[in-house]
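Right, one structure below, let's go through it.
The values are calculated or read from the model by the stated rules, or taken from the named source; none is laboratory data. Computed from a predicted structure; not experimentally measured. Every residue, glycine as well, gets a Cβ built from its backbone with ideal geometry; the counts of neighbours run over all protein chains shown. In case anyone asks, the SASA skips ligands and DNA or RNA and just uses the protein heavy atoms, side chains included. Shrake-Rupley method; radii C 1.70, N 1.55, O 1.52, S 1.80 Å.
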Amino acid sequence: QVQLVESGGGSVQPGGSLRLSCAASGSIFRFNTMGWYRQAPGKQRELVAAITSGGSTDYSDSVKGRFTISRDNAKNTVYLQMNSLKPEDTAVYYCNADAINRWTMFRNDYWGQGTQVTVSS
């Protein structure tokens, strides 16, 4: 069993900051790429940022320069620091992990339950 538990969402005014955390646990041999996706009402889920096990990062154009993704491999935790937040950043944010199961050695995609981020004045 694998669990991804997100925390840190909430409501903030435009220009404010939030930091999301996602702690992964379970029968995992190795976590590969970890990332954050978001889904706004009526829209498709989209990639926000991703980070490989080696620390290489990728960001959507809409958040470049404002968001920073990082991870602590020892804690199997990925973070998303969100600065200069805009109303259009309002969405449910989901943690994602590409990981290899310890028992089967199969590669699987895992998701957290989501955390709401609301940016509004």
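Determine the per residue accessible area of the chain with all protein chains present and a 1.4 angstrom probe, expressed in square angstrom. Write out the running numbers ahead of the final one.
Values: 6470 Å² over 121 residues.
Ligands and nucleic acids excluded, the figure is 53 Å² per residue.
So, with +1 on the Cβ of K and R and -1 on the Cβ of D and E, and no other charges, what is the size of the charge dipole of the chain about its Cα centre, to the nearest 20 debye?
It comes to approximately 160 debye.
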Give me the percent of the accessible area of the chain that comes from carbon and sulfur atoms, probe 1.4 Å, all protein chains in place. 46 percent
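Contour minus end-to-end for E46 and K86, with contour as 0.36 nm per residue of separation and end-to-end as the Cα-Cα distance?
Contour length minus Cα-Cα distance gives 12.8 nm.
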GNM top mover of A40, A24, A97 - the chain, alpha-carbon springs below 10 Å: A40
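Can you give the local net charge around A99? Use residues other than it whose beta-carbon is closer than 13 angstrom to its beta-carbon, Lys and Arg +1, Asp and Glu -1.
Once all neighbours under 13 Å are counted, the net charge is +2.
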Would you check the accessible area of F31, probe 1.4 Å, heavy atoms only, in square angstrom rounded to 10? 20 Å²
What is the calculated FRET efficiency for N73 to Q116, with r their C-beta to C-beta distance and R₀ = 35 Å, to the nearest 0.05? 0.80
